[in-house]
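Encoded as structure tokens, the structure appears first; notes follow it.
What follows draws every value from the coordinates through simple rules; no lab data is involved. Keep in mind it's a predicted model, so treat the numbers as computed, not measured. Positions of Cβ are generated from backbone atoms using ideal geometry, with glycine treated the same way; all protein chains shown enter the neighbour counts.
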């Protein structure tokens, strides 16, 4: 990517001779804004005042409607209109002393595109560029040192509530709820934020999973009903006798065949007896004559 390719060129040693003082609240707001977008860059401006040899950052204004990408961010006309509207309403006496943007996973440096933005929109000698990486929690600031735009060596974070004595706030110890969570830990302002839009692949995966869940539920319900409730099975029945037919009906002999069978006598096969099969009686011996023993 463009920013990664140019990273080594901007990893110069921190410059000396420029002092930046930033409010802790302004730094916290920048980090919170950047952590809300872990894949695309975000931007905004720094408001405060300028003193001899130092830039004072009192607050930050997030840049709405900026053109965002994974490796770049651009201020649009709508972004500037939003920034000046918030500045005139909340910080009428302050001035724009710089800008900030995030590098999600890229580290702290200024790319060629970032340098172009700074030279064309924040070219004052004491305007600065704050860079924050929400993945590594690294942050740094760049400013003009002579003719060069370099990373500043000295950054001071100022706490507006500094000097407050211990135990003078009057706040009790936080109580734990039944769920074991700190009742002051949850930020109610984030409860009404809309969910981030799903990508096309995530939407298709969710739809397929939903259809598979419905189909599995219907199939399980069908088998439960089949085994728990009585069901009907069609059975063939003889219309004349009312008996259940388990197979093909046997052949019934006709009347002619019955008569032929009855005319055969006791032979069920209808065949006449063979003479050889009849018993024979031997002839009696002759009476008297020579034949007498």
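Over the Cα atoms of the range 2-159, the radius of gyration divided by the Kirkwood radius equals 0.92; this is the Rg/Rh ratio.
Listed peptides 235-243, 113-121, 96-104 appear in the order 96-104, 113-121, 235-243 once ranked by packing, highest mean of other Cβ atoms within 10 Å at the front. Would you mind calculating the relative contact order of the range 2-159 from Cα pairs under 8 angstrom and at least 6 residues apart, reporting the percent as a whole number? Once divided by the residue count of the range 2-159, the mean separation gives 31 percent.
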